[in-house]
Amino acid sequence: MNRQLLARNVLIHRQLSELATALHSAAIPVVILKGAALVECFPSYAGDRAMDDIDILLRPPNISAARETLVSIGYTPLKSDPWAFTHGAHPAAVDISDGLWYMNKRENETLFRECANYPLAHLSPSAFHLPPDEFYLHVLAHAAIHHAKKETKWQNDLNLLRSNWKSETAAETLRHKLDAYGLNEAMAWFTPKHSRARLLTARLYRLITTKDIPQKGHILRFLLLPTPKKTAYLIRTLFPSTAFIKYRYNLKTPTAIAAYRLARPLLLALRGRS
């Protein structure tokens, strides 16, 4: 156990409790993700699991109100990311999102409803974590696709989830969702015995993970997603929500928002070249 890490995580727990309470007061339910949720579910992990930020999932209609709530309690949004916030008195940044990228709208809505069965009541009456199977898959997707790294930290996370929720994280239990989300290649990287990876796709995936490519995470997402989801993901990436455009580029008028929405693909291309 790392005592310094434990002390920092105790402070993050207090920060998270304050944040969850503020969102509850604003009638905004919140799902805690990844490292913060792991430590809240398994407190003995607090002395081992380093955290850079707190990731939370919100319903799309609540995203702007959540942003306002964060600002009202002293958080400052980052200029580079409208859904990332810092607070001078707290150790961790906060990242908010309105959906998991490998799910379609219906799947995200179903997920949020299912989270009501997994409360983190010690934080607030409106705080929850992902169901065990989805928890495992989200950590896997974050490590193997968003970051495209096979780090010990994430392997330990997956091992922890498997050891505590054996049946829910068994390969056969996850089979349908691995197919639906396009995560078989990621699963095969972290679990070599997994045999359902598409051979050509797996080779391209592993090749890309070894390269220093701008926007690599987006490329991998598009590569691995099942064909029916590719177009929807591309549209969401190139033409995100009005709220995202407004805050990402600090826009004030509907005309400016519309112009930047049309220019978004070019802006992403220029960013990828910088």
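The values are calculated or read from the model by the stated rules, or taken from the named source; none is laboratory data. Bear in mind that the values here come from a model prediction, so they are computed numbers and not experimental data. Cβ: placed from backbone, ideal geometry, glycine included. Neighbour counts: every protein chain shown. When the accessible area is computed, the model is the full protein with side chains, heavy atoms only, and any ligands, DNA or RNA have been set aside. Shrake-Rupley method; radii C 1.70, N 1.55, O 1.52, S 1.80 Å.
Can you give me the relative contact order of the chain as a percent, contacts being Cα pairs under 8 Å and 6 or more apart?
So the answer I get is 15 percent.
Heavy atoms only, probe 1.4 Å: what % of the accessible area of region 172-262 goes to carbon and sulfur, would you let me know?
63 percent
Would you mind telling me the share, in percent, of accessible area of region 30-96 contributed by carbon and sulfur at probe 1.4 angstrom?
Ligands and nucleic acids excluded, carbon and sulfur reach 53 percent.
Taking the Cβ of residue 106 as the centre, find all other residues whose Cβ is under 13 Å away and add up their charges (Lys, Arg: +1; Asp, Glu: -1).
Charge balance near residue 106 sits at 0.
Using θ = phi - 60° and the Karplus form 6.51 cos²θ - 1.76 cosθ + 1.60, what ³J(HN,Hα) does each residue of region 139-156 get, whole Hz, x for Gly and Pro?
Coupling constants for region 139-156: 4, 4, 5, 5, 6, 7, 10, 4, 9, 6, 9, 9, 8, 4, 4, 6, 4, 5 Hz.
Just the number please: accessible area per residue for the chain, 1.4 Å probe, all protein chains included, in Å².
Per-residue accessible area for the chain comes out at 51 Å².
What length, rounded to one decimal in nm, is gained on full extension from residue 172 through to residue 241, with 0.36 nm per residue of separation minus their alpha-carbon distance?
21.2 nm
Calculate, for residue 71 and residue 153, the FRET efficiency according to 1/(1 + (r/R0)^6) with r their C-beta to C-beta distance and R0 51 Å; round to the nearest 0.05.
0.95
Counting each DSSP H run of 4 or more residues in the chain as -39500 (n - 2.57), what helix-only mean residue ellipticity at 222 nm follows after dividing by all residues, to the nearest 500 deg cm²/dmol?
Helices in the chain give a 222 nm mean residue ellipticity of -17000 deg cm²/dmol.
Report the calculated FRET efficiency for residue 1 and residue 234 (r = Cβ-Cβ distance, R0 = 41 Å), to the nearest 0.05.
0.35
Starting from the amide H of residue 99, placed 1.01 Å from N in the peptide plane, find each other amide H under 5 Å away whose residue is 5 or more places distant or on another chain.
58
Please sort 65-71, 193-199 by packing, taking for each peptide the average over its residues of neighbouring beta carbons within 10 angstrom, highest first.
Going from most to least packed, we get 65-71, 193-199.
Go through region 233-247 residue by residue and turn each phi into a ³J(HN,Hα) via Karplus (6.51, -1.76, 1.60, θ = phi - 60°); whole Hz please, and just put x for glycine and proline.
Here the 3J(HN,Hα) series is 5, 4, 5, 4, 6, 6, 10, x, 4, 4, 4, 4, 4, 4, 7 Hz.
May I ask you to derive the FRET efficiency for residue 105 and residue 260 from their Cβ-Cβ distance with R0 = 30 Å, giving the value to the nearest 0.05?
My answer for the efficiency is 0.80.
In nm, give the distance between the simple-model label positions of residue 253 and residue 208, each being 7 Å from the Cα along the Cα-to-Cβ direction.
Result: 3.9 nm between the two label points.
Can you work out the PRE-style zone for residue 163? Point 7 Å along Cα to Cβ, and I want the residues of region 121-147 with backbone N under 17 Å.
Within reach of a label on residue 163: 136.
Which ³J(HN,Hα) values, rounded to whole Hz and listed in residue order, are derived for region 120-128 from phi using the Karplus coefficients 6.51, -1.76 and 1.60 in 6.51 cos²θ - 1.76 cosθ + 1.60 with θ = phi - 60°, glycine and proline given as x?
Once θ is set to phi - 60°, the couplings for region 120-128 become 10, 5, 5, 8, 5, x, 10, 10, 9 Hz.
Net charge near residue 148, counting Lys/Arg +1 and Asp/Glu -1 over other residues with Cβ under 12 Å of its Cβ?
Once all neighbours under 12 Å are counted, the net charge is +3.
Give the shape of region 120-246 as rounded, prolate or oblate, defined through the alpha-carbon gyration tensor: a ≥ b ≥ c are the square roots of its eigenvalues, a/c under 1.5 means rounded, and otherwise the shape is prolate if a/b is larger than b/c and oblate if not.
oblate
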